[in-house]
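Written out below as structure tokens is the structure these notes cover.
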Amino acid sequence: MTSANAEYFDGLYRDQDPFGYRSRWYETRKRDILLATLPRARFARGWELGCSNGETTRGLAARCEALLATDVSSQAVALARQRVGERSNVQIVQAQHPQQWPSGSFDLIVLSEVGYYLALPDLTEMIERIQDALVPDGLFVACHWRHPFAEAHQDGNQVHAQIAAQLSLPLAYRYKDSDFLLEAWTTHPQSVAQQEGLR
Ligand SMILES: C[S@@+](CC[C@H](N)C(=O)[O-])C[C@H]1O[C@@H](n2cnc3c(N)ncnc32)[C@H](O)[C@@H]1O
């Protein structure tokens, strides 16, 4: 089975909110947890892979000096552009990863609900390239639904296990409940209290 492609996702985005990001409390809560647990108030250059219709993108845009958001689906890119509006710090681009890759490096990379759509060889390559694309003290955040579903090459637990097995970075923090797993890795797992000189 090959990784899900643009045609598949373009079909889904005939509905403007196929995953219920705008309507479900589950999604609002998960997004708020992801944003609230980011240990820095501001990031210089962030990248969100698989930005869908732009709900998380809006939240990340407020925390990044510059934000790149990418998605394999041109329909998703159009919806995300509408949602994010004219914010000059955000660039939203159609791209399929890992085959297409942005230049430069990032101090925040967010991979939320994307990993399971990639066949294992693509996922493996993507993780390797994500690590290379982080600046030395950059933060990589992954967040995934834990249950199997028809289009998934591997479930969210397996995606995170694969990430942990490949990365040479220590885990900075983890949130886990019965439905999703949120984990982040960085070379500088300094707590927020340490950053602010509280200890
Ligand atoms: C379930 S949505 C995740 C949305 C968003 N990241 C969030 O968590 O709120 C998955 C998105 O990833 C995109 N996607 C899937 N495979 C991709 C790939 N190989 N490269 C880029 N985008 C991809 C899909 O088009 C879809 O919009």
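The values are calculated or read from the model by the stated rules, or taken from the named source; none is laboratory data. Given the structure is predicted, the values throughout are model-derived calculations rather than measurements. Virtual Cβ from ideal backbone geometry, glycine too; neighbours counted across all protein chains shown. The area values use the complete protein model at the heavy-atom level, side chains included, leaving out ligands, DNA and RNA. Shrake-Rupley method; radii C 1.70, N 1.55, O 1.52, S 1.80 Å.
Details
- Taking each residue of the range 95-106 that is under 10 Å from Thr70 (Cβ atoms) and looking for partners that are of a type in the set (Phe, Trp, Tyr) with beta-carbon atoms closer than 7 Å, six or more apart or interchain, yields Pro102/Trp47.
- Residues within the range 152-171 that are open to solvent by less than 40 Å² (accessible area, probe 1.4 Å) and out of contact with any helix residue (DSSP H, G or I) (no Cβ under 6 Å at 6 or more places or on another chain), tallied: 4
- Taking residues in the range 170-199 that are over 17 Å from Val110 (Cα atoms), and partners anywhere that are of a type in the set (A, V, I, L, M) and surrounded by fewer than 12 Cβ atoms within 10 Å (Cβ to Cβ), the pairs with Cβ atoms closer than 7 Å and at least 6 places apart or on different chains are Arg199/Ala193.
- Residue in the range 1-40 that is farthest from His153 (Cα to Cα), counting only those that are of a type in the set (Ser, Thr, Tyr), at pLDDT 95 or above and outside any helix (DSSP H, G or I): Ser23
- Subset of the range 103-133 (residues that are away from the ligand (no atom under 11 Å from the Cβ), within 14 Å of Glu48 (Cβ to Cβ) and not aromatic (Phe, Trp, Tyr)): Asp107, Leu108, Ile109, Ile130, Ala133
- The residues of the range 6-47 that are open to solvent by 70 Å² or more (accessible area, probe 1.4 Å) and not hydrophobic (A, V, I, L, M, F, W, C), listed by number, are Glu7, Tyr8, Arg14, Asp15, Gln16, Arg22, Ser23, Arg24, Arg29, Asp32, Arg42, Arg45.
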